[in-house]
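Below is one structure; the comments refer to it alone.
The values are calculated or read from the model by the stated rules, or taken from the named source; none is laboratory data. As the structure is a prediction and not an experimental result, all values here were calculated from the model. A quick note on method: Cβ atoms are made from the backbone with ideal geometry, for glycine too, and the neighbour counts reach across all protein chains shown. Keep in mind that these areas ignore ligands, DNA and RNA; they rest on the heavy atoms of the full protein, side chains included. Shrake-Rupley method; radii C 1.70, N 1.55, O 1.52, S 1.80 Å.
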Amino acid sequence: MTRPAALRLGVPARGMLAHRTLPQLLAPNRLVPGRRRDVDVLLAWGRRPSALWVERLARKWDLPVWHLEDGLLRSVAKGKAHPPLGLMVDELGVHFDATAPSRMEQLIAGPITSAEADRARALQSLWREQRLSKVNPPVEAEAPQEPYVLVVDQSAGDRSIALGLADASCFQRMLQAALVEHPDCTVVLKVHPDVISGRARGHFSAKDLAEPRVRLSADGGHPARLLERARAVYVVTSQMGFEALLWGRPVHCFGMPFYAGWGLTHDRCEAPIRRRQGASLEALVHAALVAGCRCIDPHRHQHCRIETLMAAIGLQRRLQAQQPRRCVAFGFTPWKQRNLRRFLGGSQLRFRAPWRRIPQGVDAVVIWGRRARPRLLEAAARRQLPVLHVEDGFLRSVGLGADLVDPVSWVVDHQGVYYDATRPSDLETRLATGQWTSVQCQRAAALRQRLVKEAITKYNLQAEAWRRPPGNRRVVLVIGQVESDASIQYGAPGIRSNRALLAAVREAEPEAYLVYKPHPDVVAGLCRAGVGEDDAFELCDQVLPQGSIQQLFTQIDALHVLTSLAGFEALLRGVEVHCWGMPFYAGWGLTHDRECCSRRQRKLSLDELVHAALIDYPRYVSRDSGWFITPEQAIDDLVAWRAAPPQRRTLVQALFRHWGRLRRR
């Protein structure tokens, strides 16, 4: 009889359902909570006391047991907010139990193909490149500059110790061996995070730490730097021994973890006969990270390759590590506060009204764009606190920000703001000094081509198509802006009004067919029109309140802007762009500029500009998970968002829109 594709998995110990990603990790099988006999398999978590009860129940009902454990790559952090994204499922035993066979042992001892070996080597490189561990806090533990060996403590009573053929005395022997065998090295003793938090105790006393060469590592930081630089790593049964193998470090085992006994480690206890035939590092890595592990992506919780999960967690670590840990934000509305928490994920945020003082115990001040009171900036400067300027990104949403539509991208700038040409910004500095490899430029080119193919712009508004008039007359599009916008105040030293821009373009291109497109926020009644803008038809051939901007790009010969992002979007599509202000994309040899900036003397290729502006500079956040994503994934999100049925405005959005109309009057 053929077993059905989807099994009924009994969960007698309901406590494991606290791991809310369990159903997705075990899909397509279905979880059946409670003490039920009409199931195909019973689930037990590791070797906990509850697992022993489940095993007795399984023997009574003649049912198989699957033992579950966190994957060796689990998530960004622990806790309910960070459920496991990797899971080990073992039909025979538990991977850390050396007293009995396990599926992990069989996988390590089994044959491995050349393709699997290649994948294992690539995974080892990717693990190091992304600087991963089981859980992945952004800040890495400090490592000594002098030569050192690493000794890894564990929580007292950890089941992996006894089941790994070890006991508490092994930790003392391990520390002494490290001191004796490396007399010219510092010995770094890494404390387990649960011991640091007070949830558990370790195996070493103050007397053990009195040895002059012993240095304590108890900051709870990520272990990548410690493993990367260590001359050798000493463990009892800790997973860090496996991670040390991935880093190519010699590993000394004083117990029998799943990776010991295969000839890959220096073992201080006898290996089970089942492991004495040995195994390659590739077989170990493939068994531990591929064959023995199930993974789901963090955004939609669908099954994925471990490489996908590794890249996602690595991206979280890098972006979280770029920002100060404790920030205070001034002047953010409740709607923007919610979004700021997403784009500064990993930082501790406090919010203050614009007139409040900077509190003690913070590492940085956060403001929206250039909206900060001079007194606040002066106070931050006196205390030598960095000021982070937050603004919309260049691939923002489907809908207007002024309509309270949540963004998929914002920028966090440590120097200024990209639209402020009066001073440097992180983007300008990157454009002025950055170097991009051919591989990076190829990625930027592919991103640019996809943006054009998918017709992605900043707001992705839908509108009727517009066709250029017949004949050979040159068609020029002039883009209007909200005249109170900060990008005009700080990026347009000459012309600063839409009407003046139209007049200048008409003078510059007297024979052209001039099309004027007012800003969508003005058309929607969310912002005021500029002085004389209602009479724009006097200076152009056509005013186009509606119309899809990306479709217009296919119908025009040139575009004129003050500082509008439409100029950048037009460059991506090969359109001739004239800048009457100094937007971030001007001054690099790609546009026809009426103004100049002494800091921008470099000539860039379009793909270098794209890499800096769309890959290096912004932060993208998934609408599904709230995790950071790549720009390519952001395009996927925007395409799916645009294709979905439009959502009704919330009451807050409706009130805000009505308030905008009243303000215009």
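Restricted to the stretch 586-632, and to residues that are among the basic types (Lys, Arg) and more than 27 Å from the chain's Cα centre (by Cα), which residue is nearest to ALA446 (Cα to Cα)?
LYS603
Looking only at the stretch 41-56, filter to residues that are in contact with a Lys or Arg (Cβ under 8 Å, 6 or more places away or on another chain) and modelled with pLDDT under 95; which one of those is surrounded by the fewest Cβ atoms within 10 Å (Cβ to Cβ)?
Filtering first and then ranking leaves ARG48.
May I ask you to verify whether ALA612 is touching a strand residue (DSSP E or B) at 6+ places or on another chain (Cβ under 6 Å) and of a type in the set (A, V, I, L, M)?
Here the answer is no, as ALA612 does not meet what is asked.
Condition check: at positive phi and in contact with a helix residue (DSSP H, G or I) (Cβ under 7 Å, 6 or more places away or on another chain). Does GLY480 satisfy that?
It is false that GLY480 is at positive phi and in contact with a helix residue (DSSP H, G or I) (Cβ under 7 Å, 6 or more places away or on another chain).
Go through the stretch 319-340 and give me each residue that's open to solvent by 10 Å² or more (accessible area, probe 1.4 Å) and more than 21 Å from the chain's Cα centre (by Cα).
Of everything in the stretch 319-340, those that are open to solvent by 10 Å² or more (accessible area, probe 1.4 Å) and more than 21 Å from the chain's Cα centre (by Cα) turn out to be GLY331, PHE332, THR333, PRO334, TRP335.
To keep it simple, each residue is scored yes or no on (1) touching a helix residue (DSSP H, G or I) at 6+ places or on another chain (Cβ under 7 Å); (2) on the phi > 0 side of the Ramachandran plot; (3) among the β-branched types (Val, Ile, Thr).
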| site | (1), (2), (3) |
| --- | --- |
| ARG326 | no, no, no |
| PHE330 | yes, no, no |
| THR333 | no, no, yes |
| ASN339 | no, no, no |
| GLY346 | yes, yes, no |
| PHE351 | yes, no, no |
| VAL362 | no, no, yes |
| VAL365 | yes, no, yes |
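Considering only the stretch 505-521, state which residues are assigned to a loop (DSSP other than H, G, I, E, B) and open to solvent by 50 Å² or more (accessible area, probe 1.4 Å).
PRO510, GLU511
Can you name the number of the only condition in (1) open to solvent by 20 Å² or more (accessible area, probe 1.4 Å); (2) touching a residue at least 40 places away in the same chain (Cβ under 8 Å); (3) over 16 Å from TRP641 (Cβ atoms); (4) β-branched (Val, Ile, Thr) that VAL398 fails?
(3)
Run down ARG274, ARG356, ARG318 and say which single residue is closer than 20 Å to LEU385 by Cα and not small (Gly, Ala, Ser).
Selected residue: ARG356, the only one of ARG274, ARG356, ARG318 that is closer than 20 Å to LEU385 by Cα and not small (Gly, Ala, Ser).
Can you confirm whether ARG430 is open to solvent by 30 Å² or more (accessible area, probe 1.4 Å), at pLDDT below 95 and not in a loop (DSSP other than H, G, I, E, B)?
No.
Kindly provide the set of residues from the stretch 401-414 that are at pLDDT 95 or above and open to solvent by 20 Å² or more (accessible area, probe 1.4 Å), ordered by number.
HIS414
Checking the condition small (Gly, Ala, Ser) and under 18 Å from the mean Cα position of the chain (by Cα), which residue from ALA311, ALA291 passes?
ALA311
Between a first residue in the stretch 535-556 that is outside any loop (DSSP other than H, G, I, E, B) and a second residue that is among the hydroxyl-bearing types (Ser, Thr, Tyr), which pairs have beta carbons less than 8 Å apart while being 6 or more apart in sequence or on different chains?
Between residues of the stretch 535-556 that are outside any loop (DSSP other than H, G, I, E, B) and residues that are among the hydroxyl-bearing types (Ser, Thr, Tyr), the close pairs are ALA536/TYR516; PHE537/TYR516; GLN542/TYR513; GLN542/TYR516; VAL543/TYR516; ILE549/THR457; GLN550/THR457.
Among residues belonging to the stretch 106-132 that are open to solvent by less than 30 Å² (accessible area, probe 1.4 Å) and over 12 Å from HIS286 (Cβ atoms), point out the one that is farthest from the chain's Cα centre (by Cα).
If we take residues in the stretch 106-132 being open to solvent by less than 30 Å² (accessible area, probe 1.4 Å) and over 12 Å from HIS286 (Cβ atoms), then TRP127 is farthest from the chain's Cα centre (by Cα).
Among the residues of the stretch 537-568 satisfying the criterion of being surrounded by fewer than 23 Cβ atoms within 10 Å (Cβ to Cβ) and small (Gly, Ala, Ser), which is modelled with the highest pLDDT?
If we take residues in the stretch 537-568 being surrounded by fewer than 23 Cβ atoms within 10 Å (Cβ to Cβ) and small (Gly, Ala, Ser), then ALA558 is modelled with the highest pLDDT.
Considering only the stretch 135-241, give the strands (runs of 3 or more DSSP E) lying wholly within it that have at least 1 residues that are open to solvent by less than 60 Å² (accessible area, probe 1.4 Å) and out of contact with any helix residue (DSSP H, G or I) (no Cβ under 8 Å at 6 or more places or on another chain).
186-190
Just one of LEU349, LEU344, LEU284 is surrounded by 14 or more Cβ atoms within 10 Å (Cβ to Cβ) and under 16 Å from the mean Cα position of the chain (by Cα); which is it?
Selected residue: LEU344, the only one of LEU349, LEU344, LEU284 that is surrounded by 14 or more Cβ atoms within 10 Å (Cβ to Cβ) and under 16 Å from the mean Cα position of the chain (by Cα).
Among the residues of the stretch 505-535, write down those that are aliphatic (A, V, I, L, M) and more than 44 Å from the chain's Cα centre (by Cα).
Across the stretch 505-535, the qualifying residues are ALA508, ALA512.
Please work out if ASP363 is in contact with a Ser or Thr (Cβ under 7 Å, 6 or more places away or on another chain) and either modelled with pLDDT of 95 or more or surrounded by fewer than 20 Cβ atoms within 10 Å (Cβ to Cβ) (or both).
no
Scan the stretch 489-500 residue by residue and report those that are open to solvent by 20 Å² or more (accessible area, probe 1.4 Å) and within 24 Å of PRO424 (Cβ to Cβ).
Of everything in the stretch 489-500, those that are open to solvent by 20 Å² or more (accessible area, probe 1.4 Å) and within 24 Å of PRO424 (Cβ to Cβ) turn out to be GLN489, TYR490, PRO493, GLY494, ILE495, ARG496.
Among (1) open to solvent by less than 60 Å² (accessible area, probe 1.4 Å); (2) modelled with pLDDT of 90 or more; (3) assigned to a loop (DSSP other than H, G, I, E, B), where does CYS441 come up short?
The single condition CYS441 does not satisfy is (3).
Tell me which residues, restricted to the stretch 67-90, are at pLDDT 95 or above and open to solvent by 30 Å² or more (accessible area, probe 1.4 Å).
Result: GLU69, single match.
Out of all the residues in the stretch 465-488, which are touching a residue at least 24 places away in the same chain (Cβ under 8 Å) and surrounded by fewer than 18 Cβ atoms within 10 Å (Cβ to Cβ)?
Across the stretch 465-488, the qualifying residues are ALA465, ARG467, ARG468, PRO469, ARG473, ARG474, SER484, ALA486.
Within the stretch 242-261, can you find the residues that are open to solvent by less than 10 Å² (accessible area, probe 1.4 Å) and aromatic (Phe, Trp, Tyr)?
Selection gives PHE242, TYR259.
Can you name the residue in the stretch 447-456 that is part of a loop (DSSP other than H, G, I, E, B) and open to solvent by 10 Å² or more (accessible area, probe 1.4 Å) and, of all such residues, is nearest to THR554 (Cα to Cα)?
Of everything passing the filter in the stretch 447-456, ALA455 is nearest to THR554 (Cα to Cα).
Could you list, in sequence order, the residues of the stretch 447-458 that are touching a residue at least 40 places away in the same chain (Cβ under 8 Å) and farther than 22 Å from PRO407 by Cβ?
none
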